[in-house]
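K.L.:
Questions regarding the structure given below will be posed in turn.
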Amino acid sequence: MRIIIIGDGKVGYKLAKQLSAEKYDIVMIDSNENKLRFAMDRLDIACVTGDGADAEVLKQADVAHADLVIACTSADECNMLSCLIARKLGARHTIARVRNPIYSKEIGFIKERLGVTMIINPELAAAQEISRLLRFPSAIKIDTFARGKVELLKFKVKPEFKLDGLSVMDIDSQFRCDVLIGGVERGDEVAIPDGKFVIKNGDMVSIIASPANSAEFFRKIGIQTNQVRNTLIVGGGTIAYYLAKLLAAMKIRVKIVEKDKARCEVLTELLDDALILNGDGTDRQLLLEEGLMTAEAFVTLTNMDEENVFLALYAKENSSAKLVTKVNRIAFDELISKLDLGSLIYPKYITADYILQYVRAMQNTIGSNVETLYHILDGRAEALEFVIREESEVTGIPLMNLNLKSNLLIGCINRGGNIKIARGQDCIQQGD
């Protein structure tokens with residue numbers, strides 16, 4: 001498959017790195033020659049220097065034979081124009097990154113008139129992920145499958161859960177909940193556990209279950225499952241706007257602290273159900289006065305990673321709030337993940353994962369059946385949802401008799417809308 005990526009920023013580079021590793025034919029377009037040289041030195045890709053909205057530059061990249069064009073520059077208008085021109089020149093599919101809330105109301109019109117196959121809004125996607133976490137605050141990360149009927153939830157094992165020293169089999173028999181432990185992170189190690197794997201305090205455990213069954217499991221081990229009732233947000237950017245809208249629909253009270261007075265006035269006009277405070281979110285006294293110690297959730301969404309990290313650390317010391325920390329610079333993700341800052345949100349990762357999910361669904365081999373894809377366990381494993389469209393050598397055979405590769409786990413089966421956690425005696429059928 002031939003893919004043209006326009007924009008060699010964080011998202012563009014991550015996409016090129018992942019897709020080139022999977023042996024796709026990648027061409028990167030950017031006007032910054034130094035950036036392209038950096039990418040070419042490290043990745044197996046071709047590069048074209050120029051403006052992705054320039055027809056001649058697109059022709060130079062052989063856009064007429066492109067299966068997909070991904071426009072992910074920092075300018076919405078450039079992305080949409082690039083997709084329009086690419087389609088006119090023969091590209092089969094196009095994806096545009098569009099961030100401005102003004103355009104989010106016109107997505108249907110833009111897709112129809114400009115011929116854009118898919119529009120991805122990083123800020124809206126990040127806000128949706130945060131809202132899921134605040135619905136289930138004990139989870140560090142939540143990924144959804146089967147249109148929300150199945151969830152992959154990550155949580156940290158604490159002494160009060162009394163899971164320390166129990167094997168996966170012990171947990172299954174003792175708690176009798178229809179959940180599957182799909183992954184465990186312990187320090188720098190990652191495991192797809194079998195039944196004999198022993199859980200320890202401090203482990204990051206990912207379980208697969210329906211929302212009802214995961215809630216039952218968490219109740220039995222003593223984890224709070226109710227959504228938060230109030231949220232204090234620092235930073236009044238686009239993610240905060242989308243998040244406040246989503247939380248209002250969930251009946252969660254919202255306070256936003258933003259130091260730019262003009263932005264506060266804009267947010268006050270746009271958000272009827274949120275309290276907008278003009279002030280410096282790094283002012284510790286202000287945070288305490290505005291209820292940090294009693295807040296059930298504290299979300300840091302400033303444009304500076306350092307501020308977000310230090311604010312989360314301060315909140316960790318002064319409240320029992322659910323912490324959500326936004327991080328932009330992916331280069332420091334391993335270091336930041338060791339600071340125990342609650343749930344970390346990487347808008348760039350979310351954007352790239354959405355696009356990778358779509359790319360895989362376009363493949364003509366097994367990938368054409370892929371419905372959903374997430375990078376999990378700190379990016380060192382993948383969770384995929386795919387459809388069995390016809391009989392094959394894996395259908396009709398008990399899972400325990402399949403010759404599966406190590407570190408591969410079949411988590412659940414969605415059969416006609418009925419969700420079943422996969423066990424050894426189950427068989428995969430056509431249509432699952």
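The values are calculated or read from the model by the stated rules, or taken from the named source; none is laboratory data. Remember, it's a predicted structure, so these values are computed and weren't measured experimentally. Note that we place each Cβ from the backbone using ideal geometry, even for glycine, and neighbour counts take in every protein chain shown. Quick note on the areas: whole protein, heavy atoms, side chains included, nothing else; ligands and nucleic acids left out. Shrake-Rupley method; radii C 1.70, N 1.55, O 1.52, S 1.80 Å.
K.L.:
Which of the residues belonging to region 372-389 are at pLDDT 75 or above, under 14 Å from the mean Cα position of the chain (by Cα) and part of a strand (DSSP E or B)?
P.N.:
Those that are at pLDDT 75 or above, under 14 Å from the mean Cα position of the chain (by Cα) and part of a strand (DSSP E or B): Ile376, Ala381, Glu382, Ala383, Leu384.
K.L.:
List every residue pair whose Cβ atoms lie under 7 Å apart, where the two residues are 6 or more positions apart in sequence or sit on different chains, the first residue falls within region 171-189 and is more than 16 Å from His375 (Cα to Cα) and modelled with pLDDT of 90 or more, and the second residue, located anywhere, is of a type in the set (Ser, Thr, Tyr) and not in a strand (DSSP E or B).
P.N.:
Val179/Ser214
K.L.:
Within region 92-134, track down each residue that is buried (at least 22 other Cβ atoms within 10 Å of the Cβ) and assigned to a loop (DSSP other than H, G, I, E, B).
P.N.:
Val98, Val116, Asn121
K.L.:
On to the next question. Here is a check on your reading of the model: is Asp340 at pLDDT 70 or above, surrounded by fewer than 20 Cβ atoms within 10 Å (Cβ to Cβ) and among the acidic types (Asp, Glu)?
P.N.:
It is true that Asp340 is at pLDDT 70 or above, surrounded by fewer than 20 Cβ atoms within 10 Å (Cβ to Cβ) and among the acidic types (Asp, Glu).
K.L.:
A further question follows. Write out, first by first residue and then by second, each pair whose Cβ atoms fall under 9 Å of each other, whose residues are 6+ apart or on separate chains, and whose first residue, in region 9-28, is closer than 19 Å to Ser74 by Cα and in contact (Cβ under 8 Å) with a residue 60 or more places away in the chain while the second is part of a loop (DSSP other than H, G, I, E, B) and open to solvent by 60 Å² or more (accessible area, probe 1.4 Å).
P.N.:
Taking only residues 6 or more apart or on different chains, the pairs are Gly9/Ser74; Lys10/Arg329.
K.L.:
Filter region 226-241 for residues that are closer than 22 Å to Ala215 by Cα and open to solvent by less than 10 Å² (accessible area, probe 1.4 Å) and give the result.
P.N.:
Once the filter is applied, which keeps residues that are closer than 22 Å to Ala215 by Cα and open to solvent by less than 10 Å² (accessible area, probe 1.4 Å), region 226-241 yields Val228, Thr231.
K.L.:
So which strands (runs of 3 or more DSSP E) are wholly in region 1-75 and hold at least 2 residues that are touching a strand residue (DSSP E or B) at 6+ places or on another chain (Cβ under 6 Å) and not β-branched (Val, Ile, Thr)?
P.N.:
Where strands (runs of 3 or more DSSP E) fall fully within region 1-75 and carry at least 2 residues being touching a strand residue (DSSP E or B) at 6+ places or on another chain (Cβ under 6 Å) and not β-branched (Val, Ile, Thr), they are 25-30, 46-49, 68-71.
Quick grid of which residues meet (1) surrounded by fewer than 21 Cβ atoms within 10 Å (Cβ to Cβ); (2) out of contact with any strand residue (DSSP E or B) (no Cβ under 9 Å at 6 or more places or on another chain):
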| site | (1), (2) |
| --- | --- |
| Val205 | no, no |
| Ala212 | yes, yes |
| Lys220 | yes, yes |
| Leu243 | no, no |
| Met250 | yes, yes |
| Lys255 | yes, no |
| Ala262 | yes, yes |
| Asp283 | yes, no |
| Leu288 | yes, yes |
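K.L.:
Output the qualifying pairs, or none if there are none: Cβ atoms under 9 angstrom, residues six or more apart or on different chains, first residue in region 415-431 and within 23 Å of Arg176 (Cα to Cα), second residue in a loop (DSSP other than H, G, I, E, B) and polar (S, T, N, Q).
P.N.:
From region 415-431, the pairs are Arg415/Gln429; Ile419/Ser210; Ile421/Ser210.
K.L.:
Same structure, new question: Any residue at all in region 294-316 that is without any contact (Cβ under 8 Å) to a residue 24 or more places away in the chain, within 30 Å of Lys14 (Cβ to Cβ), surrounded by fewer than 17 Cβ atoms within 10 Å (Cβ to Cβ) and of a type in the set (Asp, Glu)?
P.N.:
Yes, region 294-316 contains at least one residue that is without any contact (Cβ under 8 Å) to a residue 24 or more places away in the chain, within 30 Å of Lys14 (Cβ to Cβ), surrounded by fewer than 17 Cβ atoms within 10 Å (Cβ to Cβ) and of a type in the set (Asp, Glu).
K.L.:
Just to be sure I understand, how many residues within region 213-260 are over 30 Å from Gln174 (Cβ atoms) and outside any helix (DSSP H, G or I)?
P.N.:
Residues of region 213-260 over 30 Å from Gln174 (Cβ atoms): 229-260.
This time we only want the ones that are outside any helix (DSSP H, G or I), so: 229-237, 250-260.
Residues flagged as over 30 Å from Gln174 (Cβ atoms) and outside any helix (DSSP H, G or I) within region 213-260 amount to 20.
K.L.:
Looking at Met250 and the list (1) over 21 Å from the mean Cα position of the chain (by Cα); (2) under 14 Å from Phe136 (Cβ atoms), which single condition is not satisfied?
P.N.:
With (1) over 21 Å from the mean Cα position of the chain (by Cα); (2) under 14 Å from Phe136 (Cβ atoms) applied to Met250, the lone miss is (1).
K.L.:
OK, next. Name the residues in region 265-276 that are buried (at least 18 other Cβ atoms within 10 Å of the Cβ) and of a type outside the set (Gly, Ala, Ser), would you?
P.N.:
Leu267, Leu271, Ile276 - these are the residues of region 265-276 that are buried (at least 18 other Cβ atoms within 10 Å of the Cβ) and of a type outside the set (Gly, Ala, Ser).
K.L.:
Can you tell me which of Lys326, Lys259 is in contact (Cβ under 8 Å) with a residue 12 or more places away in the chain and out of contact with any helix residue (DSSP H, G or I) (no Cβ under 9 Å at 6 or more places or on another chain)?
P.N.:
Within the list Lys326, Lys259, the selection yields Lys259.
K.L.:
Further question: With respect to Asp25, determine if the residue is over 22 Å from the mean Cα position of the chain (by Cα), open to solvent by 70 Å² or more (accessible area, probe 1.4 Å) and under 21 Å from Tyr358 (Cβ atoms).
P.N.:
In short, yes.
K.L.:
Now for a separate question. Of all residues in region 10-21, how many are among the small types (Gly, Ala, Ser), farther than 16 Å from Ala66 by Cα and at pLDDT 90 or above? Break it down into steps so the answer makes sense when it comes.
P.N.:
Kept after step one, since they are among the small types (Gly, Ala, Ser), are these residues of region 10-21: 12, 16, 20-21.
Pick out the ones that are also farther than 16 Å from Ala66 by Cα and you get 12, 21.
Then keep just the ones that are at pLDDT 90 or above; that gives 12.
Qualifying residue count, region 10-21: 1.
K.L.:
While we're looking at this one, here's another question. Which condition breaks for Met80 when tested against (1) surrounded by 15 or more Cβ atoms within 10 Å (Cβ to Cβ); (2) among the hydrophobic types (A, V, I, L, M, F, W, C); (3) under 13 Å from Ile3 (Cα atoms)?
P.N.:
Among (1) surrounded by 15 or more Cβ atoms within 10 Å (Cβ to Cβ); (2) among the hydrophobic types (A, V, I, L, M, F, W, C); (3) under 13 Å from Ile3 (Cα atoms), the lone unmet condition for Met80 is (3).
K.L.:
Under 6 Å by Cβ, and 6 or more places apart or on different chains, what pairs join a residue from region 379-399 that is touching a residue at least 40 places away in the same chain (Cβ under 8 Å) with one that is part of a loop (DSSP other than H, G, I, E, B) and open to solvent by less than 60 Å² (accessible area, probe 1.4 Å)?
P.N.:
Sorted first by the residue in region 379-399, then by its partner, the pairs are Ile388/Asp432.
K.L.:
Scan region 398-432 for residues that are more than 16 Å from Asn213 (Cα to Cα) and within 24 Å of the chain's Cα centre (by Cα) and jot them down.
P.N.:
Asn407, Leu408, Leu409, Ile410 - these are the residues of region 398-432 that are more than 16 Å from Asn213 (Cα to Cα) and within 24 Å of the chain's Cα centre (by Cα).
K.L.:
Within the set of pairs 6+ apart or on separate chains, which have a first residue in region 140-152 that is closer than 19 Å to His375 by Cβ and part of a helix (DSSP H, G or I), a second that is of a type in the set (Val, Ile, Thr) and open to solvent by 30 Å² or more (accessible area, probe 1.4 Å), and C-beta atoms under 7 Å apart?
P.N.:
Close Cβ pairs satisfying both conditions: Ala146/Ile419.
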